[in-house]
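Structure, as structure tokens:
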Amino acid sequence: GFGSGSFEPSDTTFDLVARTYHPTPRFDECATCPHVFRVHRFHWTDAGFERTEEQVVPSPYTTFVQFATGMALSDFDMAEQLSTDAYVVEEARRLEIGATKGLWRAAPATDETAHQLIFLRGKAEAYRVSFEQRGENWLISGIMQTSMAIE
């Protein structure tokens, strides 16, 4: 993937910690756009670096990507786990969030840690998605169609 890495002290040696992303299916992501980041931690041993951790970094963007993927796969249980209640999934079904109508992309100048994000799909659709943070995770609390005009 793409990303960065750094060394962090650990006991008597160092760990290599990388923060990376890969292109996301069904999403158009520019270099400065939000991404689904993963943290990989490698610990130095006699045999070389060994992976000790790999996890997805929680963010509103990551939650929407997983939610839209669940909707596209008709995995409504997965989508509901990423939302505050079943109403969000029902609204997403009504809005055909899972339909293949073009690539998704975050609106320009999107702050990937905001509580509301605008997502564009294709050339004519825009959705305002609201999020609530629960612990380290983010859940979708609302989704509604909006204008393509960027404020």
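Quick check: residue separation of M78 and F49 times 0.36 nm, minus the Cα distance between them. What number comes out in nm?
Taking M78 through F49 to full extension adds about 7.0 nm, to one decimal.
With an 8 Å cut-off on Cα pairs and a minimum separation of 6 or more residues, tell me the relative contact order of the chain in percent.
Across the chain, relative contact order equals 18 percent.
Please get the size of the charge dipole for the chain, origin at its Cα centre, with Cβ charges of +1 on Lys and Arg and -1 on Asp and Glu, quoted in debye to the nearest 20. Don't jump to the answer; show the numbers that get you there.
Working: 13 positive and 22 negative charges, 133 e Å.
The calculation lands at about 640 debye.
On the protein heavy atoms, probe 1.4 angstrom, tell me the percent of accessible surface of the range 19-151 carried by carbon and sulfur.
That fraction is 49 percent.
What is the helix-to-structure angle for 60-72, meaning the angle in degrees between its Cα long axis and the longest Cα principal axis of the chain, kept from 0 to 90 and rounded to the nearest 10?
For 60-72 against the chain, the angle is about 60 degrees.
Find the relative contact order for the range 101-151 and round it to a whole percent, using C-alpha pairs within less than 8 Å whose residues are 6+ positions apart.
29 percent
Could you work out how far apart the two model spin labels at H22 and E90 are, taking each label as a point 7 Å from the Cα in the direction of the beta carbon, and quote it in nm?
3.6 nm
How much accessible area per residue does the chain have, counting only protein heavy atoms and a probe of 1.4 Å, in square angstrom?
58 Å²
Take every DSSP beta bridge with both residues inside the range 79-151 and express the antiparallel ones as a percent of the total, to the nearest 5.
95 percent
Go through [x] 33, 17, 14; [y] 75, 14, 7; [z] 22, 19, 13 and flag the label whose value is the computed semi-axes √(5λ) of the Cα gyration tensor in Å for this structure.
For semi-axes √(5λ) of the Cα gyration tensor in Å, the calculated option is [x].
The values are calculated or read from the model by the stated rules, or taken from the named source; none is laboratory data. Owing to the predicted nature of the structure, the values given are computational and were not obtained by experimental measurement. Note: ideal-geometry Cβ built from the backbone for every residue, glycine included; neighbour counts use all protein chains shown. For the accessible areas, the whole protein counts, side chains as well, though only heavy atoms, and no ligand, DNA or RNA atoms are used. Shrake-Rupley method; radii C 1.70, N 1.55, O 1.52, S 1.80 Å.
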